[in-house]
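J.: Please find one structure pasted underneath; my questions will follow.
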């Protein structure tokens, strides 16, 4: 099983905030994909950078009949990626929560495009560290 985390660092402050989490991901054999250093000179701030394109390309590459892909996100922009994965014969599960503010909760079109939805809130007893 391969686990990837897609993230573009936008500026030096974000790079510093992300350093501990990045180290934790790498310690747990989770690959970080995307720009690890801010651009110099800085590019205009965007919600998504190259990481969304890399995610889409990687997802299509990994999609094979009989495989399962889990997407831990809920953004509307991932709907065509999920549809493309399913067209290649892989199943897709969206892992997120509907108990988030509407601005970050998974969009209905994304949920409709996936094979199944896994509610994070239902997993809390199993994944929480008491």
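J.: Looking at region 94-117 only, could you name the residues that are part of a strand (DSSP E or B) and buried (at least 16 other Cβ atoms within 10 Å of the Cβ)? Can you show your working first?
T.: Filtering region 94-117 down to residues part of a strand (DSSP E or B) leaves 94-96, 116-117.
Correct list: 94, 95, 96, 117.
J.: Please specify each residue of region 24-42 satisfying the condition of being farther than 17 Å from residue 54 by Cα, in contact (Cβ under 8 Å) with a residue 12 or more places away in the chain and not in a loop (DSSP other than H, G, I, E, B).
T.: Of everything in region 24-42, just one residue is farther than 17 Å from residue 54 by Cα, in contact (Cβ under 8 Å) with a residue 12 or more places away in the chain and not in a loop (DSSP other than H, G, I, E, B), namely 25.
J.: So which residues in region 1-23 are part of a helix (DSSP H, G or I) and within 16 Å of the chain's Cα centre (by Cα), if there are any at all?
T.: Residues of region 1-23 that are part of a helix (DSSP H, G or I), as a first pass: 12-23.
18, 21, 22, listed by residue number.
J.: Taking region 80-93 on its own, how many of its residues are out of contact with any strand residue (DSSP E or B) (no Cβ under 6 Å at 6 or more places or on another chain) and either in a loop (DSSP other than H, G, I, E, B) or at pLDDT below 90 (or both)?
T.: Result for region 80-93: 2.
The values are calculated or read from the model by the stated rules, or taken from the named source; none is laboratory data. Everything quoted here is computed from the prediction, not taken from an experiment. No Cβ is skipped: glycine too gets one built from the backbone with ideal geometry, and neighbour counts run over all protein chains shown.
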